[in-house]
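The values are calculated or read from the model by the stated rules, or taken from the named source; none is laboratory data. Note that the structure is predicted; figures quoted are calculated from it, not measured. Here Cβ is always computed from backbone atoms with ideal geometry, including for glycine, and neighbour counts include all displayed protein chains.
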Amino acid sequence: AIIVLINACDLEQLHDIPTSLSEASLNLLKVIRANGSHHLVIRGAVKSNEEGHLCKSNIGVSDLAESIFRLSINSSQLTNSLPLEVVQRGLFGTSDTSFEDFMSNYWEVSPFLLTRKMEDHNVNDMFSPFIQSLNWNGGVPSLLHSILQGLVSCFPIASEEQNILNFLIEVKDRLGCPIIYQQDIRVVKTESQSRKERHYFRDFHSDCLKEPLYLTTEDVLKCEQAYKGGYTLALRGLEFRYQSIAAIADTLALMFGQPSVDFWLQEVDGIFSTRSDVTSLI
């Protein structure tokens with residue numbers, strides 16, 4: 001009943017819900033969603049009906065996700081930005097010269113690649129909360145499984161949209177669905193002497209570039225095999241999925257305006273290194 005009532009509210013009615021009641025309901029629904037997501041992923045119970053809508057029996061996964069979305073609009077559970085010096089040190093080290101050189105010679109001129117080893121404590125200051133939040137045993141396959149299991153799709157929202165509830169109309173019956181290939185994740189590599197991308201999942205789903213492909217538990221396991229086979233995995237929207245990444249993104253926005261930030265974890269000769277590519281969108 002509470003889900004039906006919340007999903008029938010307009011913005012003014014959502015704002016009028018007492019803060020204590022809204023926060024308590026939001027926390028409860030998040031717990032239900034987390035438990036349900038775990039069940040769906042482990043059991044592989046997500047299925048698509050004839051209209052292409054994701055469902056699990058009659059539970060209404062999208063309805064639950066919509067309620068969480070609506071209550072989150074006025075939530076006080078906001079992400080705090082990391083201190084400026086922590087992010088600057090994590091990207092450029094302790095020297096002010098590196099940051100000044102980047103701003104003078106690269107910012108808004110050309111992409112700039114920063115590479116550091118995970119053992120560098122300056123990087124760990126910034127990314128360690130993210131790494132610690134994962135069930136990671138130190139290997140890339142384990143990291144991929146920790147990140148990908150239970151993820152839901154992040155549908156794009158038009159930047160000029162004034163009424164956020166219009167977004168819910170656009171994604172009706174799809175909110176809360178598993179990640180979608182091409183929209184949320186890509187698994188590709190380029191063949192030698194060729195610039196053409198080879199998509200790993202085309203070997204299993206020939207229409208994955210034309211029709212939405214919702215990744216199942218089995219597909220997540222395939223991602224681990226793809227990595228071992230030399231494929232690159234690109235996951236969109238980490239800042240929307242992890243508070244620790246959102247905190248970094250917020251500080252980067254304060255530093256650079258509104259940057260596009262990509263983060264890679266790469267294993268070379270048994271040593272993990274990070275790569276950060278910061279490019280202006282202004």
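Is there a residue in segment 219-233 that is under 22 Å from S142 (Cβ atoms), surrounded by 18 or more Cβ atoms within 10 Å (Cβ to Cβ) and among the polar types (S, T, N, Q)? Among the residues of segment 219-233, not one is under 22 Å from S142 (Cβ atoms), surrounded by 18 or more Cβ atoms within 10 Å (Cβ to Cβ) and among the polar types (S, T, N, Q), which makes the answer no. Looking across segment 12-23, the residues that are surrounded by fewer than 12 Cβ atoms within 10 Å (Cβ to Cβ) and without any contact (Cβ under 8 Å) to a residue 40 or more places away in the chain come down to E12, D16, P18, S20, L21. Every listed requirement among (1) loosely packed, with under 14 Cβ neighbours inside 10 Å; (2) within 28 Å of L82 (Cβ to Cβ); (3) polar (S, T, N, Q) is met by S244 save one, (1).
Annotation: of all residues in segment 78-105 being closer than 28 Å to F240 by Cβ and loosely packed, with under 15 Cβ neighbours inside 10 Å, the one that is modelled with the lowest pLDDT is L78. Name, by its number, the condition in (1) surrounded by 12 or more Cβ atoms within 10 Å (Cβ to Cβ); (2) modelled with pLDDT of 80 or more that does not hold for N166. So N166 meets the others, but not (1).
When segment 148-191 is limited to residues that are hydroxyl-bearing (S, T, Y) and in a loop (DSSP other than H, G, I, E, B), the one that is nearest to E239 (Cα to Cα) turns out to be S153.
Got a number for residues in segment 192-230 being assigned to a helix (DSSP H, G or I) and of a type in the set (A, V, I, L, M, F, W, C)?
Of the residues in segment 192-230, 5 are assigned to a helix (DSSP H, G or I) and of a type in the set (A, V, I, L, M, F, W, C).
Scanning segment 24-67 for residues that are of a type in the set (K, R) and either modelled with pLDDT of 90 or more or surrounded by 15 or more Cβ atoms within 10 Å (Cβ to Cβ) (or both) yields a count of 2.
For segment 196-216, the criterion of a residue being of a type in the set (A, V, I, L, M), in contact with a Pro (Cβ under 7 Å, 6 or more places away or on another chain), surrounded by 13 or more Cβ atoms within 10 Å (Cβ to Cβ) and modelled with pLDDT of 80 or more is satisfied by at least one position.
The condition (being small (G, A, S) and within 30 Å of P129 (Cβ to Cβ)) is satisfied by just one residue among G229, G237: G237.
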